[in-house]
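Novice: Structure incoming, see below.
Every number here is computed from the coordinates shown, using simple stated rules; none is lab data. Quick caveat, the model's predicted, so the values are computed rather than measured. Positions of Cβ are backbone-derived with ideal geometry, glycine not excepted, and every protein chain shown enters the neighbour counts.
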Amino acid sequence: MEAQPRPTAPADSPALGSLPVEPLLTSEFDVDPGAVYERLRATYGPVAPVGLLGVPVWLVLGYPEVTEVLRNESQWRRDIRYWRARAEGRLPPDWPLAAGYEVRQMMFMDDEEHLAARRTHHAALRPFSGSPEGWELRAAVERYADELIALLASESGTTGFADLGAQYTRPLLLMVTTRLFGCPVELGDELVMDLWRMLDGGPGAGPATGRALASFTRLAAHRRARPGDDLTSYMLLADPDLTDEQLGRELFMNAVYLNDITGNMVLNTLLEVLRGNATVRRSLSAGQLGETVDRAALANPPVANMCFRFAARDVRLGGFWIRAGDAVSPSAASAHRDLLAIGSSHLVGSAVSTHAHLGWGAGPHQCPSAARELGGQIVSTAVGRVFDHFVRAELTLPPDQLPWRSGPVVRGLRLLPVRYELSPGHAKTPRHAAPVPTSPTHTPDGQAKRLLSALRRLMFGGRD
């Protein structure tokens with residue numbers, strides 16, 4: 001039987017480059033991205049042409065279309081070498097989003113290369129699931145959370161004002177990263193400072209990114225010579241052929257996701273509780289922390305618009321023909337609006353949409369199951385410790401006046417200001433504390449104090 005010819009876009013169908021596109025990243029998008037998504041849908045349907053910092057791409061808005069892009073790996077590729085505009089030299093030489101896509105690591109691989117990298121990640125993360133290493137990590141997360149809240153109490157008292165971003169969530173995730181990756185104490189301050197600048201995307205972000213990549217490459221070399229019970233060492237054990245540079249790139253992107261994506265999930269969950277989201281609060285009141293996080297991720301996903309996929313061949317999607325090599329960005333935030341509409345219908349239960357959120361992605365490039373389990377555990381623990389310690393917490397700004405970091409991928413809070421009251425036992429011992437192995441040069445308490453010292457410098461005037 002002869003193979004059927006591949007469909008090609010009709011000659012009279014509009015190409016992406018021929019369409020007038022409106023810029024996505026505007027002041028309106030910063031304030032109310034949902035209104036922008038709805039306007040684009042009303043104008044174009046479930047797929048819309050938009051401009052990202054001067055480069056035209058397709059924004060995929062509908063849930064069925066987003067899941068099609070995420071799940072059909074043979075049609076929608078992650079490797080940046082499929083991008084026709086890049087191959088033809090049509091990207092601006094200083095386009096600010098290019099650097100991240102050029103870091104060659106698992107997220108931007110396809111087929112067997114991608115599967116091999118996932119197997120390495122699965123093997124390296126497995127020791128942190130249902131094992132002493134996993135219990136010790138959870139105990140460390142709780143201890144770090146308690147130490148940060150104790151620091152808040154010592155700085156501002158048991159009642160006062162705090163930014164749960166800068167004074168809790170972001171330092172907590174940086175501390176967890178340092179422990180999980182097995183960073184030696186000497187690298188701690190440097191790593192923390194550069195990740196903070198990198199994640200902020202300020203004027204020093206470019207050089208900070210280079211320094212962070214170099215730091216993770218040095219970390220790979222350090223752990224190759226001195227293996228331990230950490231993710232870096234386990235990755236080397238799973239794939240000894242990894243070069244220091246290759247492993248450094250994987251650690252770099254894992255650190256970005258652990259800090260930015262997982263951190264946003266913590267902050268977004270806290271926000272949904274504090275702003276009065278009834279379904280999120282109901283789950284929290286029932287003690288269902290995992291369900292609380294899922295419902296918050298549905299209402300406010302940590303990755304608003306996912307990284308590009310590239311069409312392997314011409315295909316019709318929504319109301320348009322997408323040409324081979326076109327870039328598409330699947331919008332989880334827009335797709336979730338479909339799920340929320342379904343969940344609010346009297347014809348279905350709210351649980352139908354709760355477990356279909358795209359906070360961890362979907363399809364072959366979804367976060368590995370071990371990473372989802374670990375990330376979910378970190379988020380649940382971080383959120384749970386806040387509500388264990390705080391008798392009262394309320395926003396000091398109306399929800400519609402909170403400042404957001406609205407970029408092409410992430411929509412995360414710049415700060416989460418609250419007025420709080422701590423419970424009398426705010427410095428109590430973590431509930432699941434377990435003995436944590438120590439060494440004379442790498443004690444958890446000593447590491448935390450060094451990190452807290454660095455973070456305090458950042459909080460109080462040490463930032464670029």
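Novice: Multiplying the sequence separation of D229 and R414 by 0.36 nm and subtracting their Cα-Cα distance, what value in nm do you get?
Specialist: Net length gain for the segment: 63.2 nm.
Novice: Given 0.36 nm per residue, what is the gain on full extension from L53 to S74 after removing their alpha carbon distance, in nm? Mind showing how you got there, number by number?
Specialist: Values: separation 21, 0.36 × 21 = 7.56 nm, distance 2.82 nm.
Extending this stretch completely gives an extra 4.7 nm.
Novice: Could you work out the local net charge near L70, counting Lys and Arg as +1, Asp and Glu as -1, over the other residues with Cβ closer than 11 Å to its Cβ? Working shown, then result.
Specialist: Numbers: positive: R71, R78, R309; negative: E65, E68, E73.
Local net charge: 0.
Novice: What FRET efficiency comes out for H122 versus E22 if R0 is 30 angstrom and r is the Cβ-Cβ distance? Round to the nearest 0.05.
Specialist: On the way: r = 41 Å, r/R0 = 1.38.
For H122 and E22, the calculated efficiency is 0.15.
Novice: At a Förster radius of 51 Å, what calculated FRET efficiency corresponds to the Cβ-Cβ distance of R281 and A214, to the nearest 0.05?
Specialist: Details: r = 44 Å, r/R0 = 0.87.
For R281 and A214, the calculated efficiency is 0.70.
Novice: Using square roots of five times the C-alpha gyration tensor eigenvalues, list the equivalent-ellipsoid semi-axes of segment 291-420 in whole Å, biggest first. Walk me through the intermediate numbers first.
Specialist: On the way: eigenvalues 193, 63, 56 Å².
The equivalent ellipsoid of segment 291-420 has semi-axes of 31, 18, 17 Å.
Novice: Something else: Of Y63, Y44, how do they rank once you tally other Cβ atoms within 10 Å and put the fewest first? Please report the intermediate quantities before stating the final value.
Specialist: Details: Y63 23, Y44 18.
Final ranking by Cβ density, sparse to dense: Y44, Y63.
Novice: What's the extension gain from D400 to L237 if we count 0.36 nm per residue and subtract their Cα-Cα distance?
Specialist: Numbers: separation 163, 0.36 × 163 = 58.68 nm, distance 4.79 nm.
Going from the current span to full extension adds 53.9 nm.
Novice: Next up: Could you compute the FRET efficiency for R372 and E245, with r as their C-beta to C-beta distance and R0 at 25 Å, rounded to 0.05?
Specialist: Values: r = 27 Å, r/R0 = 1.09.
Taking R0 as 25 Å, the efficiency between R372 and E245 is 0.40.
Novice: Starting from segment 1-85, pick out the trypsin sites (Lys or Arg not before Pro) whose DSSP state is loop and whose Cβ has at most 16 other Cβ atoms within 10 Å.
Specialist: Taking segment 1-85 and a limit of 16 other Cβ atoms within 10 Å, no loop trypsin sites (Lys or Arg not before Pro) are found.
Novice: What's the magnitude of the charge dipole for segment 62-165 around its Cα centre, counting Lys and Arg as +1 and Asp and Glu as -1 at the beta-carbon? Answer in Debye, nearest 20.
Specialist: Working: 13 positive and 18 negative charges, 85 e Å.
Charge dipole, segment 62-165, about its Cα centre: 420 debye, nearest 20.
Novice: Could you please rank T67, T396, T177, placing first whichever residue has the fewest other Cβ atoms within 10 Å of its Cβ?
Specialist: Starting with the residue having the fewest Cβ neighbours, the order is T396, T67, T177.
Novice: Let me ask something else. Compute the distance from the alpha-carbon center of segment 38-115 to that of segment 310-326, in whole Å.
Specialist: 11 Å
Novice: Say each of S423 and S131 gets a label point 7 Å from the Cα, pointing the same way as Cα to Cβ; how far apart are those two points in nm?
Specialist: Each label point lies 7 Å from its Cα, and together they span 3.3 nm.
Novice: For segment 1-128, what proportion of DSSP beta bridges, expressed in % and rounded to the nearest 5, is antiparallel? If you can, show how the numbers build up before the last one.
Specialist: Numbers: 6 of 8 bridges.
Close to 75 percent.
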